[in-house]
Amino acid sequence: MTTDESPLIVRIQDSCAILIMNRPEAMNALSGALRRRLIAALADLDHDDAVRVVILTGAGKAFTAGLDLKELAGSGTDVSANVDAENVVAAIERFSKPLIAAVNGVAVTGGVEIILACDIILASEAASFADTHVRVGLTPGWGLSQRLSRLIGVHRAKELSFTARRFSAREAEAWGLVNHVHPAGDLMPEALALARSIAQWSPDAVRAMKAIIDRGLAMPLGQALAMEAATASRENARVAMSASVLPGRTA
C-alpha cells in the first residue's frame, strides 16, 4: 500500500491490484519518479501470488499525458538518456499477468504507447487519445509506430500520427483500439468486474494463454501456428482431463 502523496498509488482489492498514476496536477505526466515506481510495482506484483490481475489508471482527469517534457527540458541531456533506462512499456511487456488499462481521461503520446502494450483496454466516455510525436519532434520508442498500425490499420494510424489530432473513446472503440467504453462513473467498477472474471480461473492457465498469444503476435502466421501446436502438444500432455474439467462441462 502506498500513500496518496506518492506518484504511484498501489491498492489491493481481492485478487486485483489497482495502480493509479498520481500526478493529477501535471496530467499524470511520466516523470522519472513515476516511471521508476511503476516499473518497480509491476516487478513486485508479478511475484505476488495473491495478485492475479492488475488495473492501471490515472488520478484526476487524465490517464497520462506522456513523458514529462518540463522535466526532460530541465535535465540538460537528450531524451533517450532520460527514458531508455526507465522504459515503462518494456516493464509492461515483461509482466506475465493480465494488465487492464482503465483509461479515465486523456492519453497522449507515451500514454498511448502504454495502453497499446496492455492486454485489455477500457475507456471512459470522457477519455480521448492523441499521438503528438510529430508536434514535439520526437520519434516513438516504446512501440507506438508498430503496434498502432497493426491494431487499427496502417492508413488510420498514419492519419492519427501525421496530424497529431485528438480522437475520442468512441472512435477508438470503433477502430478496435479500445475493448469497451463506459460512463465515467462506471469505468472502475466495470474494470474490477472484468478483473474478477479473469481472476476466477487458474493463474497458471491465464499466464500461459497470455504468453502464447503474445509470442505468436511477434511471428509470421505459419510460424505462430507451428509454435502453438508444439506448445499444446507439450503442455496438454501434462493435463489429466479428470482433474482439469469439471463434471458436466466441456472445454
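The values are calculated or read from the model by the stated rules, or taken from the named source; none is laboratory data. This is a predicted model, so every value here is computed, not measured. Cβ atoms come from the backbone with ideal geometry, glycine included; neighbour counts cover every protein chain shown.
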ask   = Inside segment 1-40, can you point out the residues that are of a type in the set (Gly, Ala, Ser), over 20 Å from Glu71 (Cα atoms) and either out of contact with any helix residue (DSSP H, G or I) (no Cβ under 7 Å at 6 or more places or on another chain) or not assigned by TED's automatic domain parsing to the domain that holds Ala102 (or both)?
value = Ala40
inquiry  = Can you go through Glu5, Glu25 and tell me which one is outside any helix (DSSP H, G or I) and charged (D, E, K, R)?
reply    = Glu5
Selection count, segment 142-173, where residues are among the aromatic types (Phe, Trp, Tyr) and not in a strand (DSSP E or B) = 2
request  = Scan the helices (runs of 4 or more DSSP H) fully inside segment 86-141 and keep the ones with 3 or more residues being out of contact with any strand residue (DSSP E or B) (no Cβ under 8 Å at 6 or more places or on another chain) and within 23 Å of Met209 (Cβ to Cβ).
outcome  = 88-94
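Residues in segment 47-77 that are acidic (Asp, Glu) and over 16 Å from Asp14 (Cα atoms): how many?
Adding up the residues that qualify gives 2.
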Every residue from segment 209-222 that is surrounded by 12 or more Cβ atoms within 10 Å (Cβ to Cβ) and either part of a helix (DSSP H, G or I) or in the same structural domain as Arg94 (by TED's automatic domain parsing) (or both) = Met209, Lys210, Ala211, Ile212, Ile213, Asp214, Arg215, Gly216
remark   = Filtering segment 6-23 down to residues that are of a type in the set (A, V, I, L, M), over 14 Å from Leu192 (Cα atoms) and out of contact with any Phe, Trp or Tyr (no Cβ under 9 Å at 6 or more places or on another chain) yields Leu8, Ile9, Val10
key: Residues located in segment 28-48, provided they are in a helix (DSSP H, G or I) and of a type outside the set (Lys, Arg)   = Gly32, Ala33, Leu34, Leu38, Ile39, Ala40, Ala41, Leu42, Ala43, Asp44, Leu45, Asp46
task = Just give me the residues in segment 15-45 being in contact (Cβ under 8 Å) with a residue 40 or more places away in the chain, of a type outside the set (A, V, I, L, M, F, W, C) and under 17 Å from Ala90 (Cβ atoms), in sequence order.
result = Gly32, Arg35, Arg36
ask   = In segment 155-173, is there at least one residue being at positive phi and surrounded by 17 or more Cβ atoms within 10 Å (Cβ to Cβ)?
value = no
inquiry  = Under 9 Å between Cβ atoms, which residue pairs at least 6 apart in sequence (or on different chains) link something in segment 46-71 that is in contact (Cβ under 8 Å) with a residue 40 or more places away in the chain and at positive phi with a partner that is assigned to a strand (DSSP E or B) and surrounded by 15 or more Cβ atoms within 10 Å (Cβ to Cβ)?
reply    = Gly66/Leu30; Gly66/Ala107; Gly66/Val108
